Amino acid sequence: SAMMVWQPVNNKQFETFSYLPPLTSQQIAKQVDYIVANGWVPCLEFAAEADAYVGDASTIRFKGTASGFYDNRYWTMWKLPMFGCNDASQVLTETARCTKAFPTSYVRLVAFDNKRQVQIISFLVQRPKSATDYCDVAKRSVAGA
């Protein structure tokens, strides 16, 4: 059947590309090339496993001051945004450094458009080795449903 039942156990997803198997360095480099070609600024952020998903501790509510709320939008920035970055290897090097410094954290790549002052893209570039949240594509639906 074309319709499938979603498996809710150990099947959490993040942003763009998180439904795919983890990206290789070459795939990340291609995304960085696209980011740089568009004039956007790459930046790395990281969060401990306990804070990576939306929860009371990672939720910020602006009551009466904003039209919405911002669940889990704020991870810790790794260094400063990479203004002037023109080579994917720079991002891959910083990803490795961040992962080495915080091996039990998730690391995501964010791209900012400094002309429009908005975040353009965000996707995981590293899951902690201890993470059990990724579910293989073949196991994302309940068999026989």
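The values are calculated or read from the model by the stated rules, or taken from the named source; none is laboratory data. Just so you know, these numbers come straight off a predicted model, no measurement behind them. A quick note on method: Cβ atoms are made from the backbone with ideal geometry, for glycine too, and the neighbour counts reach across all protein chains shown. The accessibility values were calculated without ligands, DNA or RNA, using every heavy atom of the protein model including side chains. Shrake-Rupley method; radii C 1.70, N 1.55, O 1.52, S 1.80 Å.
Taking the options 109, 92, name whichever one is among the aliphatic types (A, V, I, L, M), at pLDDT 75 or above, part of a strand (DSSP E or B) and closer than 17 Å to residue 25 by Cα.
Matching residue, one of 109, 92: 109.
Pull out all pairs, ordered by first then second residue, where Cβ-Cβ is under 9 Å, the residues are six or more apart or on different chains, the first lies in segment 107-128 and is over 17 Å from residue 83 (Cα atoms), and the second is basic (Lys, Arg).
Once the first residue is over 17 Å from residue 83 (Cα atoms) and sits in segment 107-128, its partners that are basic (Lys, Arg) give 107/127; 123/108; 124/108; 125/108; 126/108.
Of the residues that make up segment 121-140, is at least one over 18 Å from the mean Cα position of the chain (by Cα) and in a loop (DSSP other than H, G, I, E, B)?
Looking for residues that are over 18 Å from the mean Cα position of the chain (by Cα) and in a loop (DSSP other than H, G, I, E, B), one finds at least one in segment 121-140, hence yes.
Restricting attention to segment 18-50, and to residues there that are in a helix (DSSP H, G or I) and acidic (Asp, Glu), which single residue is least open to solvent (accessible area, probe 1.4 Å)?
Across segment 18-50, the extreme among qualifying residues is 49.
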